[in-house]
Amino acid sequence: QKKAAEFPESDAPVLVKVKLQHVMPSELVQALSGLAKSPGAIMGIDHARMLYLRDSALNVKRMLEIIEDTDVIKETHEAVIPVGNASVKEIANHLNQLVSGTPNTAPTSSTSGRTNRSTSSRINTTRNRGPFILSGTSIVACESANSILVVAPTEAKLELAKSLIEKLKSNAKE
């Protein structure tokens, strides 16, 4: 499979087959269609994870650059943090306010190990109210283990969540 850097900057027509690893072709068809000269220049087959690009070498080169930037594994950082004698739900609610500004939305894990998401789906949006310090982070209260599961997009946000949990735990003791 050719890389974007290998294509000449010319108007010569080319047809390129791209095997995607992490992104569905239908998602990229939509994103790349603005670069194509004709409406049928990009075709995706989701079940095969194949994307076909038929356009000028210059346009295909630009499309491949976007694909190379997009078709990557998204890095996450996770930790299960015990909360001792503090209330798992209360700490999760406080943290979720920092994720989205909405309290009482923490999914909880019951003693059976299943996640109860009746109060909320995965929390990782800002609800159009501005950035919050833990935006993009998922917080799950695991009551059976008396712990909080934190899945963060960066190591810094994971460390911040750990620090906040420690502070909330110490406040609960007082």
**Request:** Name every residue in region 144-160 that is surrounded by fewer than 17 Cβ atoms within 10 Å (Cβ to Cβ) and hydroxyl-bearing (Ser, Thr, Tyr), in order of residue number.
**Result:** 144, 154
**Request:** State yes or no: is residue 157 among the basic types (Lys, Arg), closer than 11 Å to residue 98 by Cβ and out of contact with any strand residue (DSSP E or B) (no Cβ under 6 Å at 6 or more places or on another chain)?
**Result:** yes
**Request:** Give 139, 123, 91, 133 a once-over and let me know the one that is part of a loop (DSSP other than H, G, I, E, B) and either touching a Lys or Arg at 6+ places or on another chain (Cβ under 9 Å) or modelled with pLDDT of 90 or more (or both).
**Result:** 133
**Fill in**
Filter region 5-23 for residues that are open to solvent by less than 60 Å² (accessible area, probe 1.4 Å) and within 25 Å of the chain's Cα centre (by Cα); the one that is modelled with the lowest pLDDT is 23
**Request:** Output yes when any residue across region 67-83 is assigned to a loop (DSSP other than H, G, I, E, B), open to solvent by less than 60 Å² (accessible area, probe 1.4 Å) and either within 30 Å of residue 149 (Cβ to Cβ) or not polar (S, T, N, Q) (or both), and no when none is.
**Result:** yes
**Request:** Search region 165-174 for residues being surrounded by fewer than 18 Cβ atoms within 10 Å (Cβ to Cβ) and either basic (Lys, Arg) or under 22 Å from the mean Cα position of the chain (by Cα) (or both), and hand back the single one that is modelled with the highest pLDDT.
**Result:** 167
**Every residue from region 29-49 that is touching a strand residue (DSSP E or B) at 6+ places or on another chain (Cβ under 6 Å) and under 18 Å from residue 72 (Cα atoms)** = 29, 32, 44
**Item:** Complete set of residues in region 31-63 that are in contact with a Lys or Arg (Cβ under 7 Å, 6 or more places away or on another chain), under 15 Å from residue 2 (Cα atoms) and either open to solvent by 30 Å² or more (accessible area, probe 1.4 Å) or not in a strand (DSSP E or B) (or both)
**Value:** 52, 59
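The values are calculated or read from the model by the stated rules, or taken from the named source; none is laboratory data. Because the structure is a prediction, the values reported are computed rather than measured. Cβ: placed from backbone, ideal geometry, glycine included. Neighbour counts: every protein chain shown. For accessibility, only protein heavy atoms count, side chains too; no ligands or nucleic acids. Shrake-Rupley method; radii C 1.70, N 1.55, O 1.52, S 1.80 Å.
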